[in-house]
Structure formats: structure tokens, C-alpha cells
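Note sheet for the following structure.
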Protein chains: 2
Amino acid sequence: MRLAAVLQVVAIFAATALSAAAATRSPNIIFILADDLGSGDLGSYGSPLRLTPAIDRLAAEGARFTQFYAPTPYCAPSRASLLTGRYPSRHGLLGNPTPDGTPAVDQLALAADEILLPQLLRPRGYATGMIGKWHLGHKTVESWPTRRGFDSYYGILYSNDMRPVQLIKQESVAEYPVVQATLTQRYTQRALDFITAHRERPFFLYLAHAMPHKPLAVSEKFAGKSGAGLYGDVLAELDWSVEQIMAKLRALGLDDNTLVVFSSDNGAYFGGSNGGLRGMKAMTSEGGLRVPCIARWPGRIPAGQTLATPAVLNDWFPTLLASAGGTPPGDRAIDGRTLWPVLAEKSAQLHEATFGFQGTTLRTVRSARWKLHVEASQPRAALKPGAPWVDPRAPDGVTILAPVGQAHPSQYPGLNTGDPLRAGALFDLQADPGEQHDVAGAHPEIVARLRALSAEFIKASSESRRPKSP
Amino acid sequence: MRLAAVLQVVAIFAATALSAAAATRSPNIIFILADDLGSGDLGSYGSPLRLTPAIDRLAAEGARFTQFYAPTPYCAPSRASLLTGRYPSRHGLLGNPTPDGTPAVDQLALAADEILLPQLLRPRGYATGMIGKWHLGHKTVESWPTRRGFDSYYGILYSNDMRPVQLIKQESVAEYPVVQATLTQRYTQRALDFITAHRERPFFLYLAHAMPHKPLAVSEKFAGKSGAGLYGDVLAELDWSVEQIMAKLRALGLDDNTLVVFSSDNGAYFGGSNGGLRGMKAMTSEGGLRVPCIARWPGRIPAGQTLATPAVLNDWFPTLLASAGGTPPGDRAIDGRTLWPVLAEKSAQLHEATFGFQGTTLRTVRSARWKLHVEASQPRAALKPGAPWVDPRAPDGVTILAPVGQAHPSQYPGLNTGDPLRAGALFDLQADPGEQHDVAGAHPEIVARLRALSAEFIKASSESRRPKSP
């Protein structure tokens with residue numbers, strides 16, 4: 001019996017135990033997803049700026065993952081994995097739906113037969129609300145949150161720099177152009193209202209902030225206050241948002257029975273920090289794939305834990321389902337595994353391997369301390385300070401309303417040095433978390449093992465991308 | 001009998017004649033005031049850009065003044081003169097009410113005992129509506145448009161770069177921060193709605209656009225379309241606004257019985273054009289004081305007239321009153337004179353002299369072709385192209401939402417050469433419209449005459465600033 005199978009059994013036991021508990025009163029679930037936030041941006045992950053006391057308090061009162069991954073360093077496929085529990089190669093949304101791009105990317109959407117977390121929570125009595133960035137399809141209303149399991153929606157259907165940036169309320173345009181300076185304030189107020197409205201029943205709130213994705217924007221109350229530039233102001237306001245939500249839970253007596261998760265969809269972009277990891281968003285080096293992840297549920301998740309078990313956003317799908325007493329659909333492969341063995345028992349291994357995708361391609365495999373670049377990672381260059389640079393998606397004051405001071409591509413969020421990220425490069429993340437020294441030559445057997453794991457996954461996922469027709 | 005007295009008699013006759021006509025059906029009045037628009041910005045005044053066909057059509061179908069003046073090159077006192085018929089030294093609002101300045105300027109407001117045009121039109125059966133920039137006081141609601149004669153108000157109480165930039169609807173904040181890109185569109189839509197709502201009765205609509213005052217802003221439909229930069233885009237949208245209003249009047253069958261005036265509160269700022277005049281806004285050279293002025297009323301104002309008679313914004317107060325069959329209050333000095341002798345009979349002289357103020361000080365006198373700088377005009381320097389410049393009131397994307405590309409102080413709107421604008425400088429505006437050659441030395445008798453006229457006015461206005469207590 002392989003370790004993965006053992007863990008699967010443990011997970012089923014854990015889910016069953018939780019299921020029994022949930023029968024009395026299912027927990028509320030709040031999943032807060034920041035956009036392009038790097039783990040180096042948070043005080044609890046070592047940011048010297050210390051702008052995130054409320055988020056750090058979540059970690060102090062719960063668990064903080066240090067080796068947590070997005071399945072891909074791109075927004076949409078990563079979010080689809082979170083809500084389906086499946087790697088991009090299986091759920092099939094391999095790029096970002098883009099309203100101002102080519103017709104092909106304009107029409108991208110998560111396949112209609114994918115099953116999303118809120119669809120499974122709803123029949124379990126959950127009120128399901130989404131606020132913020134969707135990015136699983138915008139072209140036709142059939143792919144909008146309200147048609148994919150959420151009772152309510154208020155947000156921007158894609159990135160806050162894609163035109164037209166417009167706020168959707170349920171299924172109508174509520175604001176265009178969008179005053180981005182007040183977006184975090186308004187998302188937060190909606191979140192508080194949602195919590196209050198559903199205080200008497202279990203709810204699932206998916207709050208996917210627009211920030212700190214460019215264009216960065218903060219309200220007047222936070223503008224210029226952090227002492228760390230606009231990016232710092234944005235972090236402070238996101239932290240304020242978490243503080244408001246936690247205060248509301250306490251005020252309503254809900255904080256003991258609410259599982260709160262805070263994470264990000266991929267590593268940091270220019271201006272942010274990946275805390276010494278290599279590279280940034282859109283790369284499959286650690287700076288692109290590694291994300292912060294914090295979970296708090298008093299009584300269920302022991303306080304103050306730091307968890308070094310590698311895990312992936314996909315894992316929240318079965319984890320949250322289990323918390324609500326549910327089980328994943330049995331008609332398809334689910335890559336995610338419930339995190340409860342890790343959260344509750346500090347299990348050191350959940351997956352034999354985790355994977356990183358870029359577009360259609362599996363590019364990286366991680367297993368324990370080792371990471372293999374199966375395919376080369378496309379680098380993302382930094383510019384020299386002051387080098388001319390025009391962002392075609394920058395605020396223009398007409399269609400995109402946001403502060404004009406944006407990060408410059410010289411403000412690289414990660415390490416930009418080290419051996420080439422060539423196909424076949426192997427890094428020992430325990431000894432070399434910054435992926436500086438390619439040790440493939442010294443460990444051919446590890447390279448071979450990781451290659452085999454990736455080949456196995458590619459084969460399995462290509463055979464099972466869609467559930468079989470009946 | 002001096003000429004001024006003769007004209008006064010003519011004016012009274014004209015007013016009486018109009019009064020009789022008005023008894024059958026008083027005309028609608030639409031006064032469109034642009035902010036910082038220079039006469040060189042309009043095609044009908046010679047702009048080679050030709051971005052203003054609808055405004056130019058007003059001129060072709062009515063009268064265009066070539067020697068029309070603001071009484072001062074500052075927003076608030078100029079607007080107060082328009083609505084009271086009195087020079088700043090009499091109405092007493094000598095500076096701009098400024099919400100983000102010192103307490104003294106924050107509290108500035110037009111004196112409560114000043115009588116405003118809409119207060120006099122209302123009892124004559126007029127619906128009175130104001131849209132746009134007020135700037136006659138903001139600190140207490142007693143000084144707002146709805147308390148000074150207007151039935152309805154929708155706009156910003158001061159300049160669109162003064163914080164907090166907020167839209168007021170009647171007496172409440174309707175939007176903050178303000179999406180300035182859609183301001184002209186929304187002001188126009190409100191104007192059309194006002195016209196439609198009051199089609200059955202005479203109305204007075206005072207539409208005081210925010211544009212082209214900085215920060216410049218246009219809607220998506222006009223952004224980047226003029227081929228003349230953001231300033232050109234703004235002009236094109238203002239012209240579109242006039243086109244919409246005229247189309248609405250035609251559609252409702254009101255255009256024959258509506259007097260439409262288009263003007264500006266002072267000369268152009270950086271980025272605009274004063275059409276070869278010297279200097280710019282905030283100066284008492286012609287580039288600060290001279291404004292475009294166009295009036296259209298089919299049947300009453302012969303079409304296609306170009307009028308070189310010097311006149312002042314103050315003159316519209318008795319002119320519009322007369323059009324509605326009213327007469328100015330008799331308890332105070334009114335500096336404005338009805339323009340009907342000029343508009344209807346092309347009278348070559350209306351005033352023996354007109355004056356230009358800066359703050360508390362009378363600085364210029366014009367009489368026929370001559371202009372004397374009684375006091376020195378404070379120059380406003382241009383910067384070299386690309387010179388570092390930070391506008392503390394620039395859009396920031398947080399409290400002021402507008403396109404980021406603003407005019408640079410190198411884009412000087414007027415001539416920036418010529419003899420010093422010293423106290424005592426005399427210019428022959430007929431021979432030297434650009435005020436380049438000081439001819440005081442050659443015409444001491446003219447200097448003396450103009451000095452005497454200014455001294456006479458200063459004495460008279462200081463004695464009569466306020467109506468005497470009963």
C-alpha cells in the first residue's frame with residue numbers, strides 16, 4: 001500500500017468524523033483569496049513591513065502553511081482548481097478568460113460539466129455567496145457565479161485591469177467604470193452584510209479580493225498611510241478587511257464555528273514580495289507557484305501551528321466539503337486531498353508529489369524536498385529602475401480608475417539569479433529554497449523518480465480529464 | 001447727457017418692448033458656461049482644430065462677441081458677477097471659495113443679501129435649474145444653489161480639482177469620489193431631462209460645465225478621438241453636449257423661443273488657447289479676461305452677427321432679466337447693462353469703460369480701443385517643455401478620478417512676450433490685440449482719462465457695495 005493510499009484512508013476517516021460533528025451544526029466557511037499576493041507580503045511569513053496584523057493573528061490562532069502551492073502561476077486556472085479540486089490539466093481551463101484579448105481568450109470559461117464547491121455545499125444547507133474576482137468565464141451568463149453554485153455575486157468577472165472593468169451585481173452591471181479606490185471597502189462591506197444576513201444558517205463566503213493585483217488601489221483612509229508605498233497601503237487595507245470580518249464573526253458569536261482560510265491565487269507580481277523565493281507570478285519557479293495559506297477554526301485547528309507539508313489549492317475542495325459533511329463527486333478524478341490529517345494531526349506528507357502547470361504543460365514536480373523542472377520555466381525579466389515602460393492596462397482615468405503610481409518592473413518580487421531554470425533542473429528546496437543551484441547532475445535517480453511521477457500524472461490526467469459519458 | 005446715460009435709456013425702452021413680448025410667452029433661457037475655456041479653443045473664434053461645430057453653429061445662427069470680458073480672471077467672482085450683474089468690488093466675493101484651503105477661503109461665500117438672477121426669474125414663472133460648478137459658497141447649505149434661487153441642483157459646488165470632489169444632488173452628496181470621465185455626459189443628460197420636464201413653462205437652465213478646467217476628463221466615447229490630445233477630446237465632448245441640447249430643443253419645438261448663451265468664466269489655462277491674446281487665466285491681460293461669448297435666439301438676435309462691442313459677463317444679468325420681462329432690483333447699483341441694443345441693433349458702444357479685477361483690486365480699464373493697466377498684472381510663468389512639475393491637485397486615482405495626462409505648464413495658452421505689464425502700461429487693442437507694445441508714453445491724455453474712469457468707478461463702487469439698510 002503506497003503512502004498516498006494510506007493517506008486517502010486517513011482522510012476518509014477524518015471526513016467521516018467531521019461529518020458526524022457537522023450533523024449537529026455545519027461550520028461556516030469563509031475563503032478569502034487575495035490576488036497576486038506573495039507570501040513575503042505578510043508579517044507572519046516574515047515581511048519586515050508588518051502591515052498585516054489581522055492576517056497574522058489568523059495564523060497565530062490557527063495554522064500557517066509554509067509549503068503551499070497554486071497549481072499554476074495564473075489566476076483563472078488556479079481559481080478553477082480551488083473550486084473543483086482538480087489540476088488544470090483535468091478541469092481544462094488552461095488560460096485566463098480575457099474580455100479585451102483575442103476572441104479565443106474572450107470565450108474561455110470553465111467547462112459546464114465541472115462541479116464547483118458551492119454546488120455541493122448548497123444542498124447541504126449552505127448559503128453560498130461570492131464577492132470579487134471570478135475569472136472562470138464572462139462571455140455568457142451561463143458561466144457566471146450565479147449559474148455555477150453561488151446564490152449571490154458582487155464583483156468583477158475577471159482581472160481589475162481588463163477592459164471593461166465593470167462591477168457586476170448578481171447578473172447586471174452595477175458600476176462602470178469602477179471606482180477601484182473603494183473596491184476593498186465595498187467588498188468588505190458586502191462580506192459583512194452577507195455574514196449578518198446568514199448568521200442563522202451555515203454559509204460559504206468566497207471573498208476573492210481584486211487587490212493587490214494591478215492597478216493597485218486603496219481608499220482615502222489608507223492612501224499614503226502605510227509608509228510602504230501604494231502596495232503597502234493596499235496590504236494594510238486588505239488586512240483591515242480581514243480584521244472587520246473577524247470582528248463581525250465575534251460580534252455575532254460565530255467565530256468558533258467558522259473556518260476562515262486566507263490564501264492567494266499565485267505568487268507576487270512586480271512591487272510585491274515572494275519572500276526570497278525565485279521569480280514571480282507567471283513563472284513555475286517557487287516565486288510563481290508558492291502562496292501563503294492560513295486557516296483558522298478554533299477547536300478544530302490547533303492554534304499557532306506552522307505546517308511544512310506541501311499542499312495545493314486543490315486540496316481545499318475536499319477539505320471544505322469534508323468540513324460541511326460532504327464528499328467529493330465519485331464520477332471523476334479529484335486531485336485535491338483533504339487537509340485534515342495535516343491540519344489536525346500535522347501529517348508530514350499529503351501528496352507523494354505536487355505539480356505545477358503553465359498553460360497546457362506540466363512543468364514542475366515537487367516531492368518532499370525535491371523540485372524538478374520537467375520543462376523549462378519561462379523567465380520574466382526585470383527592468384532597470386527608471387527604464388521606460390508602458391503598461392497597456394494601466395489606469396487611464398477613463399475606463400480604469402485607480403491611483404496612477406503603479407509598481408515598475410524593476411521592483412522585482414523575487415530572486416532573479418541562479419542557475420538556468422532549464423528542463424531537467426533539480427533543486428533541493430530544503431537546502432536551497434531560492435532555487436539557485438541546479439543539483440540534477442548529483443541526483444540522477446531523483447530526477448528519474450520525479451520524471452516518472454510527472455509522466456504518470458500526465459498519463460492519468462489525460463485519460464480522465466472529463467467524466468465518462470454514461 | 002453722457003453716452004452711458006443715453007444707452008441706459010435705450011436699454012429701458014428695449015426692456016419694455018421685450019417685456020410686452022414676453023407677456024405672451026417668456027423665452028426659455030439656457031446659459032452654458034464653460035470653465036477656463038479660451039476663445040482660441042473654438043472654431044468660430046479661429047481655432048484651427050475645428051473641434052466645435054455645434055458651438056460654432058450657435059454663432060452662425062446668432063451673435064458672436066469678439067470683445068467680451070470676464071470681470072476678473074478668477075472663477076468665483078466672475079460667476080458671481082454673471083448672476084448678480086455687479087462687479088466683484090460690489091458683490092464682494094473677491095476670491096474662490098476653497099474647501100481644501102485655509103479656513104478663511106473655506107468659508108468664502110457670496111453675501112446673503114446679494115440678489116441672484118434665478119431669484120428674480122422664479123417669480124416670473126420660471127423653472128430654475130442649475131447643473132455643474134457653483135463656486136459661490138459651499139461651507140454651509142445656506143449658500144448653495146437651492147438656497148439662492150435654483151429649484152434644482154446637480155453638480156460640484158466648486159472646482160473639479162478641489163478636495164473633496166463630490167457630486168451634490170439638491171442638498172446631498174450623490175457621489176464621492178466623482179467619476180470625472182462621465183461628468184460631461186451626465187451633466188448633459190441632466191440638462192436634457194430638465195428641458196424635457198419643463199417644456200411646458202419657461203425655464204432658466206444654468207449649465208456650468210466642469211470642463212475644460214483641470215483635471216481634464218472625457219468619456220470613453222471621446223477619449224483619444226479628437227486627434228488633439230485630451231484637451232481636444234474635452235472640447236469635442238463639450239461641443240457634443242451643445243449639440244445634444246440644441247437637438248432636444250428642436251425635437252420639443254422649443255428652439256425658436258429659447259435664448260441660448262455660451263460663454264466661459266475666464267481665459268484659458270495651460271493646454272488651452274486664448275487665440276493669440278497675451279497671458280492666461282489668473283492674469284488681467286487679455287488672455288485672462290477675454291472670453292468667448294455666443295448668443296442665439298432666432299427672430300430676436302439676427303443670425304451670423306459678429307459683435308465687436310466690448311461687454312462683460314455682468315451684462316447678462318439685466319439682459320436675461322429683460323428677456324423674461326423683468327427689471328433689475330432698484331435698491332442697488334447694477335453694473336451690467338442689457339445687451340439688447342448690441343444684440344438687436346449692433347450698437348457699437350455699451351459701456352464707456354469696462355474693468356478688470358484681481359482680488360480686491362481694480363487692475364485694468366478698457367474704453368473703446370484702449371486698455372490701461374492701472375495696476376501691474378501679476379505674470380504667470382510658463383515652464384520649459386518637460387520641466388519637472390507636480391500639480392498638488394492632480395488626479396490621484398483615490399480622491400480625484402480623471403485621466404492622468406494633464407497639460408504641462410509649458411503648454412502656455414497665450415502670448416508670453418511683450419512689454420512689461422506694469423502699472424500705467426497702455427495698449428491699443430485695435431492695433432495691438434496681443435498687448436505687446438506699451439504706448440503710454442505716446443498717449444498721456446488717454447492714460448489720464450482711463451485713470452480717471454477707474455478712480456471714478458472705485459469711488460462709486462466703494463460707496464455702494466451693499467444696499468443701504470432701510
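Some notes on this structure:
- Lys pairs, chain B - Cα-Cα below 18 angstrom, 8 or more residues apart or on other chains: 7
- Amide H within-cut-off set for B:ALA127, under 5 Å, with H built and near neighbours excluded: B:PHE203, B:PHE204
- Net length gained if the chain between A:ASN257 and A:ARG201 were fully extended (0.36 nm per residue, minus Cα distance): 19.0 nm
- Label-point separation in nm, A:ARG369 to B:HIS443, each point 7 Å along Cα→Cβ: 9.5 nm
- Position B:ALA452, label points 7 Å along Cα→Cβ, spacing to each other copy in nm (shortest first, one decimal): 11.4
- In segment B:201-232, burial by the other protein chains removes 40 Å² or more of 1.4 Å probe accessible surface, compared with the chain on its own, from B:GLU220.
- In sequence order, calculated HN-Hα J values of segment A:339-345 (Karplus, 6.51, -1.76, 1.60; Hz; x Gly/Pro): 7, 4, x, 7, 5, 8, 10
- Across segment B:180-302 the C-alpha pair distances fall into 10 Å bins from zero in the proportions 12, 37, 34, 16, 1 percent.
- Our helix-only sum for the protein assembly as shown, with -39,500 (n - 2.57) per DSSP H run of n ≥ 4 divided by its residues, gives a mean residue ellipticity at 222 nm of -8000 deg cm²/dmol.
- Radius of gyration, Dmax [segment A:316-447; alpha carbons; angstrom]: 20.4, 57
- Placing a label point 7 Å from Cα along the Cα-to-Cβ direction at A:PRO48 gives distances to the equivalent points in the other copies of 5.7 nm, listed shortest first.
- Stokes-Einstein diffusion coefficient of the protein assembly as shown, Kirkwood radius over Cα pairs, 4 °C, 1.567 mPa s, in µm²/s: 41 µm²/s
- For chain A, DSSP calls about 50 percent of its internal beta bridges antiparallel.
- Helical segments meeting 18 Å axial Cα length and Kyte-Doolittle -1.0 threshold in chain B (DSSP H): B:3-24, B:183-197, B:229-251, B:444-463
- DSSP-defined antiparallel bridges as percent of all bridges, segment B:117-189, nearest 5: 60 percent
- Amide H to amide H distances under 5 Å link B:ARG363 with B:GLY356, B:PHE357, B:GLN358, where only residues 5 or more positions off or on other chains count and H is placed in the peptide plane.
- Karplus (6.51, -1.76, 1.60) ³J(HN,Hα), θ = phi - 60°, over segment B:428-441, in Hz, Gly and Pro reported as x: 9, 5, 6, 7, 9, x, x, 6, 8, 10, 6, 10, 4, x
- For segment B:105-165 versus segment A:330-379, the inter-centroid distance based on Cα atoms is 65 Å.
- Normalised by the number of residues in segment B:3-352, the average gap of Cα pairs under 8 Å and 6 or more apart makes the relative contact order 32 percent.
- For the protein assembly as shown, share of DSSP beta bridges that run antiparallel, in % to the nearest 5: 50 percent
- Length released on extending from B:ASP419 to B:LYS225, taking residue separation times 0.36 nm less the Cα-Cα span: 65.9 nm
- Simple spin-label estimate for A:ALA111 and B:VAL173 gives 5.1 nm between the two label positions (7 Å along the Cα-to-Cβ direction from each Cα).
- With loop membership from DSSP and a limit of 12 other Cβ atoms within 10 Å, the longest segment of chain A without GluC sites (Glu not before Pro) is A:201-470.
- P(r) histogram, all alpha-carbon pairs of chain A included - 10 Å bins from 0, percent: 4, 22, 34, 28, 11, 1, 0
- Along segment B:352-359 the Karplus relation, 6.51 cos²θ - 1.76 cosθ + 1.60 evaluated at θ = phi - 60°, assigns HN-Hα couplings of 5, 8, 10, 10, x, 10, 9, x Hz to successive residues, with x for each Gly and Pro.
- 7 Å along Cα→Cβ, label-point gaps from A:ALA333 to other copies, nm, shortest first: 9.3
- Ranking A:GLY325, B:LEU350, B:HIS437 by Cα position along the charge dipole of the protein assembly as shown, where only Lys, Arg, Asp and Glu carry charges on their C-beta atoms, puts A:GLY325 farthest toward the positive end.
- Residues whose amide H falls under 5 Å from that of A:TRP144, counting only those 5 or more places apart or on a different chain, are absent, with hydrogens built in the peptide plane.
The values are calculated or read from the model by the stated rules, or taken from the named source; none is laboratory data. It should be emphasised that the depicted structure is a prediction, and the values quoted were computed from it without experimental measurement. Counting neighbours? That spans all protein chains shown, and the Cβs are built from the backbone with ideal geometry, glycine included. Accessible surface areas use protein heavy atoms only, side chains included; no ligands, DNA or RNA. Shrake-Rupley method; radii C 1.70, N 1.55, O 1.52, S 1.80 Å.
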